[in-house]
Amino acid sequence: MIVSTSRAAGLVLLLSLSLFVSPAFSSDPPETLADVDSVLASNGELDGKVVLVDFWASWCVPCRISFPWMKSLAERYGEQGFVVVAVNVDKDHNSAVEFLKQSDPPFTIIYDSTGSLAEKYGLEAMPTSFVYGRDGKLRSQHQGFHGEDTSKFETQIAELLRKEAKK
Amino acid sequence: MKRIILLMITALIVAASLALGGCSHVGVKVWEHDILAKPEMQLDAGANDRALDDHIYFSKEASSGGRGFAGGGCGCN
């Protein structure tokens, strides 16, 4: 009886510890675009494209600053098969709409007010963006938005578009 | 007696592990900051309040420099 109680206690301890450390493992973003693709109205819209998935919110100042840059990227590289999908995590939908009215981005916006996509991607900073290649596989991840890193980031995207150009 | 001690240890382990597990999801996730991210929600949002508090604190404690600017806290700057 005592032994089984101790075993049960040990099991509970292990389970609790696994709960305790679980956030450390939840930070791995999905390797494919399946989660984002399933939210988009027209499935297959992202097939064969280099996709930048960007998590943003209207209350996040760096996210707001990053919009003109993403807008310019989408306009310059759109024809080569570059797509931006901006995932909004505002709880207050109106705040997001208000901001979008001002910035008028030419790319797709997904609303994730419950944070389910954000949870799946295990965000650790705002904004965070993920770059997927034409094959839909994750290539890189960027946390925050730093003006001095934009040229490096852009070079990566341009290289992806060139290397994986459609045959 | 031995059995009681064992049971107590077991209960302690169970309680401790549950308490430990309970802390695994404490805190606001980065995408949930929302209102907390607004400037007025910062601890030092009021510049005037902060300046007054600092002035009083530095005068009383002779701790000029305690806010991080130059000075060693001697109160002589």
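The values are calculated or read from the model by the stated rules, or taken from the named source; none is laboratory data. Only a predicted model underlies this, so the values are computations on that prediction, with no experimental measurement involved. Positions of Cβ are generated from backbone atoms using ideal geometry, with glycine treated the same way; all protein chains shown enter the neighbour counts.
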Flagged pairs (Cβ under 6 angstrom, 6 or more apart or on separate chains; first in region B:34-50, within 21 Å of A:Trp56 (Cβ to Cβ); second surrounded by 11 or more Cβ atoms within 10 Å (Cβ to Cβ) and among the basic types (Lys, Arg)) are B:Asp34/A:Lys91
Only unsatisfied item for A:Ala57, checking (1) more than 18 Å from B:Ala37 (Cβ to Cβ); (2) modelled with pLDDT of 95 or more, is (1)
| task | Might you let me know whether region A:23-34 holds any residue that is modelled with pLDDT of 90 or more and assigned to a helix (DSSP H, G or I)? | result | no
| Taking the condition surrounded by 10 or more Cβ atoms within 10 Å (Cβ to Cβ), within 30 Å of A:Ala86 (Cα to Cα) and modelled with pLDDT under 85, does B:His25 pass? | yes
Picked from region A:45-62 (must be under 16 Å from the mean Cα position of the chain (by Cα) and of a type in the set (A, V, I, L, M)), the residue surrounded by the fewest Cβ atoms within 10 Å (Cβ to Cβ) is A:Leu46
Scanning region A:78-108 for residues that are among the basic types (Lys, Arg) and exposed (fewer than 14 other Cβ atoms within 10 Å of the Cβ) gives A:Lys101
Within region B:2-37, residues being among the small types (Gly, Ala, Ser), part of a loop (DSSP other than H, G, I, E, B) and more than 7 Å from every other protein chain (Cβ to nearest Cβ) number 1
So the helices (runs of 4 or more DSSP H) completely within region A:69-167 holding 2 or more residues that are under 17 Å from the mean Cα position of the chain (by Cα) are A:116-121, A:150-163
A:Thr150 passes all but one of the listed conditions (1) touching a helix residue (DSSP H, G or I) at 6+ places or on another chain (Cβ under 8 Å); (2) farther than 18 Å from A:Pro62 by Cα; (3) surrounded by fewer than 17 Cβ atoms within 10 Å (Cβ to Cβ); the exception is number (2)
### Query
Of the residues that make up region A:68-86, is at least one within 14 Å of chain B (Cβ to nearest Cβ) and modelled with pLDDT of 95 or more?
yes
Per the filter on region A:79-105, residues more than 22 Å from A:Val61 (Cβ to Cβ) and touching a Gly at 6+ places or on another chain (Cβ under 9 Å) are A:Gly81
